[in-house]
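Here's the structure, in structure tokens; my notes come after.
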Amino acid sequence: MINFNDKEIVVEFQYKPAEIEKKWQQEWITQGLDKTLENSRRQKFYALSMFPYPSGNLHMGHVRNYVITDVIARFKRLQGYSVLHPMGWDAFGLPAENAAIDNGISPEEWTKKNIAKMRQQLQTLGLSIDWEREITTCSPDYYKWTQWLFLKLYRAGLAYQKEATVNWDPIDQTVLANEQVDAEGYSWRSGAKVEKKLLCQWFLKITDYADHLLNDLDTLKGWPESVKLMQENWIGKSLGAYIKFPIKDTEESISVFTTRPDTIHGVTYLVLAPENPLVPKISKSEYKEKIKEFIEEIINESEIERTADNKPLKGIFIGAKVINPFNGEEIPVFIASYVLVDYGTGAVMGVPAHDNRDFKFAKENQLPIKVVVIPKDFDLKETAQSPLEEAYVDTGIIVNSKQFNGMLSEDAKAAVTEYAKKNSIGEAKIQYRLRDWLISRQRYWGCPIPIIHCSNCGSVAIPDSNLPVELPKDVEFTGRGSSPLASLEEWVNVTCPNCGSPAKRETDTMDTFIDSSWYYLRYTDSTNSQEIFNSNKVNYWMPVDQYVGGVEHAILHLLYSRFFTKFLKDQKLIDVSEPFQNLLTQGMVQGITYKNLKTGKYIPLNQVNPENPIDPSTGDVLEVFYEKMSKSKYNGVDPQEVLGKYGADTARMFILFKAPPEKDLEWSSSDVEGQFRFLNRVWRLVRSHIKNRVNIVKNEILTKDEKDLKRFIHTIIKDISQDLEENYQFNTAVAELMKLSNILNDFKDVNSSIYQEGVVTLLILLSPFAPHISEELWHNLGYKESIHLQKWPTVNNEALILDEVTIVIQAMGKTKGTIQAPASVTNDELEKLVRNSETGKRLLDKREIKKIIIVPQKLINFVFVK
């Protein structure tokens, strides 16, 4: 006999994940089992995870992302789909340059080492990735086509240069990325106060696609509503009007965009962005010193800092006034930190009675507050007698607005706009929050921009035949001065392809978001050296059927990818206009975290006794909570430690079982142990069956126990198929696998053909989740072909039909017993069965029945006359 107690495992039935997983990972590579089968006669399925930056270290966020996608890919293969499941590397970026500066290693060498390490780590997870399609964005084979795409955009008028501000380190004389500037606005490297500097930079005209990007959100039925809302808000379409406010004592005017033209008579001040070119022109001389000081104070703040709701609204009067063209009132002009020069016209009208921010600014600067909109059935006299305590921001009835009085807000908006148009003081306008995409980076480790600057011809596109423009190898990294490329005279100095005159290469490189905005297309034809991709191949595979990644990419990456896809469709290179049909944004992996609230310090896990969490240095009691795993919090779990101790299958099962994929996952060692024990039980179950089976005979007539087991097997098939097909509830699918394992473990006849069916079904259903142990046990059962080439079990609907049902017998709503009845029993037949049963005879003896309530196949309730 085999003892199935976890503490008493017979050696023959020990599960050794390390040996098994290494064996099958090598075997799958040898067999080419994960190679993509492009078969146009099969329905295709493109499963894709957001590709990683090659930092060199696999973390639990990676594990969760790629395991989720792998289960989907394996499931679809078993269903008979032609599946594409590729992997690559988002390999350009600032960390590689920082490593070059800190460690004296070239970005290319550092990146390649990290890729090799992470590829090996990913392979230990048993991911069914077609590694033959692997792409690396820093490879000339890839960025040649990134440059080709840039030139397509350039020739279409969608790539252009203009001046824009950058973070400038005045000591190191270099441009800094936002992440190189600390919260106080100082350079992370030199410690200098970061300045803003104007540089001529490259942009992509994504605003030309604003309406397409917004309207097509409605077609994305497989996206989370929250993500679509984030995209919608980022695009920020606003319907309103431009109104011109003449500047007093000048011939000029200030144009303001407003979504509430109905409040035009409530304007009591105007605000310009500090960087607005009108500021030095219209400011009065006596205010210019204060203006200069104010601009120096706020100019280096980030956009987020300047527009944060919890910050004071800093602003000063500049001495100028404008005229409200609707009522002739003189209005003071301010500059303020919260107005941004590149949004709208860089000017806003202040209507404090009907805007929360304007109300706050007016209160802080003692400015008038004039009510021009009131709710319906509101007492205006009462309002006039008491000052407003807050802004009224809803629509209503217009007051204090001359000819517009009495109108509803929506009618007044149209009337004010029409009046402005007739009198040439404004017009209807659509405004977007979305701004053109700045892609210039003053860096070395990025895709070179394929443009040559000629004093005669201007900006000249490099001919396609000369692509790629490769990054030079011999580069010195100091972290100081301009881009390393700018100092390489042999690389920079070239002749103009148009006129042959001396010219210079563009030394900016592209934002890494460019690389990740089209990589999913290259996977469809990744080794093509003649063209970016074959249109037939890309049209076969696209769109991506299931995209999986972190919610932190819900705005920019997805927006830019959608833009590129729409552009390429307009260029007739692809047939689809949306890249990702379904999107799953998985939650974060959180680890138990210890923090000393008195010192604010986080304490490493290995320095704390979980039973008595105190600071080993101070003795203070520690706060214990779950937080996203990170090095700074000392709460990370190294995936390699988990894989080494429990194996990849256990790690996969835990990741999938612990929480629904869209929710945050709290790491728990005990839950990992639980999944390891479950896989051990499966191992022993199958190995015991192999040892103890004698002669499997398929009986034509099944016993009651066999019928019940078969019904349970096919119920599990149905439930798990729904979990994987409809809403990706991996956690409940794993729970169903556990149920099936337990039922089989309790079944007595191991020589029953239904028991054999149950074991086979269990392994196939388990295989997408735990591929290694499933493969090993499958071959142990005597099968030659891989389990991952089998067919997903189909539901036998006849097996789900019950022969008998348990009927609950109730009296006055209280349960008195049960009986077994045929599943097809009619109400009359059921009543007879109950009356003839022992429970029925006892219950109904000498009782007058008022009525009988029957719930088919479930219960019968007798209501008696009192």
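So the values come out like this:
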read-out	value
Order of 34, 525, 570, 649 - criterion: other Cβ atoms within 10 Å of each residue's Cβ, fewest first	570, 525, 34, 649
Chain lengthening between residue 701 and residue 356 when straightened (0.36 nm per residue, less Cα-Cα)	116.5 nm
C-alpha long axis of helix 753-766 to longest principal axis of the chain, angle in °	20
Segment 567-667 - Kirkwood radius from inverse mean 1/r over Cα pairs (Å)	16.7
Integer Hz, Karplus 6.51/-1.76/1.60 couplings in order for segment 513-520, x for Gly and Pro	4, 4, 4, 8, 8, 9, 4, 4
Distance histogram for segment 237-432 (every C-alpha pair counted, 5 angstrom bins, percent rounded to whole numbers)	1, 8, 16, 20, 21, 16, 11, 5, 2, 0
Gyration tensor (Cα) of the chain, equivalent ellipsoid semi-axes in angstrom	60, 41, 27
Principal axis box of segment 804-864, alpha-carbon based, largest edge first, Å	29, 19, 19
Segment 197-274 versus segment 701-765: alpha-carbon centroid distance in Å	57
Cα-Cα over 28 Å, subset of 537/628; 237/569; 237/284; 113/645	537/628; 237/284
Sequence-separation-based contact order of the chain, relative, with Cα cut under 8 Å and 6+ spacing, percent	13
Segment 484-522-segment 423-454 distance, computed between alpha-carbon centres (Å)	18
Dimensions in Å of segment 267-315 - Rg and Dmax from alpha carbons	11.9, 33
Protection-proxy order for peptides 655-667, 204-216, 610-622, each taking the mean of Cβ atoms within 10 Å per residue, highest first	655-667, 204-216, 610-622
Per-residue Cβ neighbour rank within 10 angstrom, fewest leading, 153, 471	153, 471
In sequence order, calculated HN-Hα J values of segment 679-686 (Karplus, 6.51, -1.76, 1.60; Hz; x Gly/Pro)	5, 4, 5, 4, 4, 5, 4, 6
For segment 592-642, convex hull of alpha carbons as volume per residue, Å³	81
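Laboratory data are not the source of any read-out in this text; all were calculated from the coordinates shown. Treat the numbers as computed from the prediction; the structure is a model and nothing was measured. Glycine also receives a Cβ, built like all others from the backbone with ideal geometry; neighbour counts cover every protein chain displayed.
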